Every structure is written in structure tokens, then in C-alpha cells.
1. List the pairs whose first member sits in segment 141-154 and is touching a residue at least 60 places away in the same chain (Cβ under 8 Å), whose second member is assigned to a loop (DSSP other than H, G, I, E, B), and whose Cβ atoms are under 7 Å apart, counting only residues at least 6 apart or on separate chains?
2. Would you point out which residue out of THR21, THR12 is at pLDDT below 90 and either hydroxyl-bearing (Ser, Thr, Tyr) or within 18 Å of PRO113 (Cα to Cα) (or both)?
3. Condition test on LYS110, is it basic (Lys, Arg), at pLDDT below 95 and open to solvent by 30 Å² or more (accessible area, probe 1.4 Å)?
4. Could you check, for segment 195-210, whether at least one of its residues is over 22 Å from ASP160 (Cα atoms) and in contact with an Asp or Glu (Cβ under 7 Å, 6 or more places away or on another chain)?
5. Checking ASP160 against (1) open to solvent by 40 Å² or more (accessible area, probe 1.4 Å); (2) touching a residue at least 12 places away in the same chain (Cβ under 8 Å): exactly one of these is not met. Which one?
6. Give me the helices (runs of 4 or more DSSP H) completely within segment 95-148, filtered to those with at least 2 residues that are of a type in the set (Asp, Glu) and within 22 Å of PHE74 (Cβ to Cβ), ordered by residue number.
7. Exactly one condition in (1) under 22 Å from the mean Cα position of the chain (by Cα); (2) without any contact (Cβ under 8 Å) to a residue 12 or more places away in the chain is not met by GLY184; state its number.
8. Among the residues of segment 12-48, write down those that are in contact with a Lys or Arg (Cβ under 7 Å, 6 or more places away or on another chain), surrounded by fewer than 18 Cβ atoms within 10 Å (Cβ to Cβ) and in a loop (DSSP other than H, G, I, E, B).
Amino acid sequence: KNRGISMVGTGTTVPFAVLATDLVPQLHVIGASSGTSHLARWRYEKLDDAVTLFGDQAGWRRLSNLNPDAVRRFQVAFGKDIGDDDVFAYVYGALHSPEFRERYAANLKKEAPRVPMAPDRATFDAFRDAGAELVELHINYENLEPYPLTEEWRGGADPDADPAVLRVGSKKMRYPKVTDPETGKTVHDHTRLTYNSHLTISGIPERAHDYKLGTRSGIDWIIDRYYIKTDKASGIFNDPNAWADEHDEPRYILNLIGRVVTLSLCTLEAVD
């Protein structure tokens, strides 16, 4: 078991972004042009068989992956009660700071982030608390309560009687187009989402799109990934409905959209 912080790699055009996870991350979690760097909270060292209870069972020792000298710097500055988990949470909070990302935007494209030392204990505690909240939000987002979105069903479609109307198809979800009253131009209505031919979702807060991972909002990531497709190069068939089928949760993808809206709003609140 572990948790860590995945970051956009250096030498990329993708804006700096981080995401906490307790799963083994893909090499290109955020941004495809460079590998994603991953900072694990723990590292595991294999114990010699001689010190395990049974010689035929491998033992492991869990060690903090934070640099002890770095943790001591925080303890000297702000108090001996600061532990490794506090520093880990502070780092995650600091990496979400808009001020930090704007001031060092050029540096973040070329090198690993250099986390600033807080000016005082109160600031450290604020960023630590926000970072701890963000870690839990981003790791456990699937346990969040879905945001109350409005479901507009076409006549005759009844998800209770026929769960098949909840399935995504081979076309991506999309934002309906509307006319901007001020400019007269056709624009996308980001408060609504055409889920499939049976359902349109409405009531998405505009603010939810302000939380971005790289160049996309959380909702945009779902649009980009959750549809039936076959990869041309490998021939691999991908059907996102399979997870819902295997776990007998026909509303899984629909609820996921609501959870990502909740996640986005809660993230923005913590960042603020």
C-alpha cells in the first residue's frame, strides 16, 4: 500500500499539474509528451530471509520516502511536532498554489519544482491542512457524493426499466452549442452535457471547469476517455461500460460525472 504525487514531467508544453493517487500510476498520467514523475510517500525495502519469521516468506519494511534533512528543516523552523505526513501534505498544498504556479511557470517547464519554505507556522499549517484535504479528495473521489445534476431524458427512455439507456456509445459526450447573446457567435454550453442519444445532463456549474489537470477540466477528461473505441495501432477494444457491467452499477459513469463535479468544486474551495 502506498500513496504518492504524480506530476507533469519537465520539457512539456502541458501546464504544470499534480494528482495524488494510491494506485500504481501510468507513465503518462498527465500529459503525453513527457513521462509523469511520481513521488511516493513510502518506499519498501525487502528484509533478509534470516530476519523473517518463516524463511520461505519474503518480508518487507516500510520506510518514509521523505528526505530526513528536509523534514528537520521544517521542524527547526516551525516546531518539533511536525512529522513526515505534515510535510508531505504541505508539499501537495504548495504545489496547488496559483501564486506558486504563476511565479515559477517557466521554471516548472524545465525542472522539478522547488517547494518554498512557508514564511511562518500559520502559513505552513494552512497549506498543510489544504494539502491533506486535497490528497484525500483526489485519492477517494469515487466515494464523494455526486453533485445534483438534472437528468433530461428523451420520451420513452426509462433507466429504471431499461438500464441500457445509461450506457455510453461510440460517440463522445459533447457540450450542446448555443448562441452567445452578446457576440451572436455559436459557443458550447458548458452547463449541459449530451451524455448519449437518450440523455442530456444540465446544471453543471461553470466554476467546475476552472479545475484543470493539464489542459483539460475533470469533466473534459471524462468526455475524452469514456466512449467505446478501438485503438487503431493495437486493435485493442475499449468499452467503459464493462466496469459498470462487471460491478452491477449501471449508473457508474453517470454518477462519476457528478462526483467529478463535486471533486472539482471542493478542490477549488481548498485551493482558494
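1. Matching pairs, first to second residue: LEU149/GLY203; LEU149/ILE204.
2. On the way: THR21 fails: at pLDDT below 90.
Every option except THR12 fails the conditions.
3. yes
4. No, segment 195-210 contains no residue that is over 22 Å from ASP160 (Cα atoms) and in contact with an Asp or Glu (Cβ under 7 Å, 6 or more places away or on another chain).
5. Unmet condition: (2).
6. Fully inside segment 95-148 and qualifying: 121-139.
7. (1)
8. The one that is in contact with a Lys or Arg (Cβ under 7 Å, 6 or more places away or on another chain), surrounded by fewer than 18 Cβ atoms within 10 Å (Cβ to Cβ) and in a loop (DSSP other than H, G, I, E, B): ASP22.
The values are calculated or read from the model by the stated rules, or taken from the named source; none is laboratory data. Not measured: the values here are computed from a predicted model. Every residue, glycine as well, gets a Cβ built from its backbone with ideal geometry; the counts of neighbours run over all protein chains shown. What goes into the accessible areas is simple: the full protein's heavy atoms, side chains included, and nothing from ligands, DNA or RNA. Shrake-Rupley method; radii C 1.70, N 1.55, O 1.52, S 1.80 Å.
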